[in-house]
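**Student:** Okay, handing you the structure first.
Derivation of every value follows stated rules applied to the coordinates shown; laboratory data play no part. Fair warning: this is a prediction, and the values are worked out from it, not measured in the lab. Glycine gets a Cβ as well: all are built from the backbone with ideal geometry, and neighbour counts include every protein chain shown.
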Amino acid sequence: MLLNRSERNFPRVIIIGAGFGGVELARQLKNKEVEVLLIDRNNYHTFQPLMYQVATGTLASDSISFPLRKMFKNQSNFRFRLAEVLRIDSKNKIVHTSVADYDYDYLVVATGATSNFFGNKQVEKYALPMKNIIEALNIRSYLLQNLEEAVLRKNTSDRERYLNFVVVGGGPTGVELSGAIAEYQQHMLKKDYPELSTYEMKVFLVEGTGKILGALSEKSSRDAERYLDELGVKTILNTVVTDYDGNTVTLSSGEQIPTKTVIWGAGVMGQMPEGISSDIIERGNRIRINEQCQVEGEKDVYAIGDVSAMITAENPRGLPGVAPVAQQQGKYVAKHILNQLNSQETENFKYFDKGSMATVGRNRAVVDMGSLHMKGFLAWMTWMFVHLVSIFGFRNRLVTFVNWSIKFLTKNSGIRLIIHKYNRPESEPVVKKEEVATH
Ligand SMILES: Cc1cc2nc3c(=O)[nH]c(=O)nc-3n(C[C@H](O)[C@H](O)[C@H](O)COP(=O)(O)OP(=O)(O)OC[C@H]3O[C@@H](n4cnc5c(N)ncnc54)[C@H](O)[C@@H]3O)c2cc1C
């Protein structure tokens, strides 16, 4: 049972969202004189940077997810509630959820981001986003379902839309995902589907600006583009998707690609419960915070990570939507709350950028750390090491390491399962049943 405000010994900190920011904050409050209540719609934390490996069958979903109650089993001041937070009432200091209402002394909104389709309803209807485990598993199923469908088609032109895979957005997600799909094509397609030819399958990466991996150095961007090219990915720059009817994707250049699969990694926007004033919502649906991570105009409400926008002269667009920002802000807010309780001042938050990296399949990656640039095998090893040590839980690290080792040795990854068939909203059928091959 959770006690009411008047009955508690310690002030209650409610954290909404068990992502990188929320989890780090809760851990920092261990053994402190506060009661921590973490609320999430899932009972697990997800390591999003490896989600593309779930989508492409290298890792199982439970290798990159960690149960929250297990994560905090040794933290006596910690409580968890599995619930959807519906509304924040900061005047009365109450959080309304799908299971109950909870009062707080300090509130931290760490609800992250969701896919942004920039208002294009058609694209939103048919394209596949990848912002959570369920969506990653949908992609895994759908990629395989389309290969199964392709096998059933008699001639090449009928198979084409099942074998064209379009990834939209040239950030790390799009680059890593298109690289992994192309690797599958090169190493496994022929073994799994002897009826299909490697040359029939095509992977496209569509990016709106003039370069992929826009947040990385010019060198890294060029190297990554070359790696994708070596894997057979067709990168299309300075182009956006204007329409998609479920069968054909239309690009701003006028080009049309017949495809059943468009994976959307082109944009994100903050997601948050109701109750935040629209006056403080910035570009990308993010909550404006001051340099102490406090929500503008609110004293005891903070926002951290992808849902927040800390706009300063140094960073007029806010900080990047990456895990280290969320984690560092989580750590900072823990300190800020404890300082507040002791009537102490806290210096403004400063983001320490440790660098950026992305991998483009086996032996290929790019890493930028300050002025240091790495590529190829060394960068790939660095990428693997950094990700391996960052995953929560010894078991998850071990399973991931074993899976990667098997994949490295055999060029084969095993989790090519359609557990839940993905039923996309259906568009007009382009192949009639009688045209399906019976062999
Ligand atoms: C595919 C992918 C790849 C990425 N790769 C990298 C990478 O390589 N490196 C990197 O640094 N960053 C990467 N990122 C970005 C990084 O994952 C995010 O910046 C980071 O997760 C932000 O952390 P957060 O705590 O703000 O939110 P999140 O980690 O998104 O967590 C938000 C949590 O809030 C919960 N939630 C949201 N709304 C509610 C509600 N109303 N009620 C209850 N619960 C709610 C969600 O269930 C979720 O658990 C990637 C992201 C994606 C999607």
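**Student:** With the stretch 346-407 as the region, which strands (runs of 3 or more DSSP E) entirely inside it contain at least 3 residues that are away from the ligand (no atom under 16 Å from the Cβ) and not acidic (Asp, Glu)? Write out each step before concluding.
**Tutor:** Numbers: elements: 356-359, 365-369, 372-375.
Result: 372-375.
**Student:** Looking at the stretch 298-305, is at least one residue assigned to a loop (DSSP other than H, G, I, E, B), in contact (Cβ under 8 Å) with a residue 40 or more places away in the chain and within 27 Å of Ser178 (Cα to Cα)?
**Tutor:** Here is the first cut: in the stretch 298-305, the residues assigned to a loop (DSSP other than H, G, I, E, B) are 298-300, 304.
Within this subset, residues satisfying the condition of being in contact (Cβ under 8 Å) with a residue 40 or more places away in the chain are 298, 300, 304.
Imposing the further condition that a residue be within 27 Å of Ser178 (Cα to Cα) reduces the set to none.
Looking through the stretch 298-305, none of the residues is assigned to a loop (DSSP other than H, G, I, E, B), in contact (Cβ under 8 Å) with a residue 40 or more places away in the chain and within 27 Å of Ser178 (Cα to Cα).
**Student:** Which ones in the stretch 17-46 are near the ligand (Cβ under 8 Å from one of its atoms), in contact with a Phe, Trp or Tyr (Cβ under 9 Å, 6 or more places away or on another chain) and part of a loop (DSSP other than H, G, I, E, B)?
**Tutor:** Ala18
**Student:** For the stretch 332-359, name all the residues that are among the charged types (D, E, K, R) and under 21 Å from the mean Cα position of the chain (by Cα).
**Tutor:** Pass one, the stretch 332-359, residues among the charged types (D, E, K, R): 335, 345, 347, 350, 353-354.
Within the stretch 332-359, Asp353, Lys354 meet the criteria.
**Student:** Take the residues of the stretch 97-110 that are within 13 Å of the ligand (Cβ to nearest atom) and surrounded by 18 or more Cβ atoms within 10 Å (Cβ to Cβ): which is nearest to the chain's Cα centre (by Cα)?
**Tutor:** Ala110
**Student:** Another question, if that's okay. Taking the stretch 197-241 on its own, how many of its residues are outside any loop (DSSP other than H, G, I, E, B), in contact (Cβ under 8 Å) with a residue 12 or more places away in the chain and over 30 Å from Lys354 (Cα atoms)?
**Tutor:** Result for the stretch 197-241: 7.
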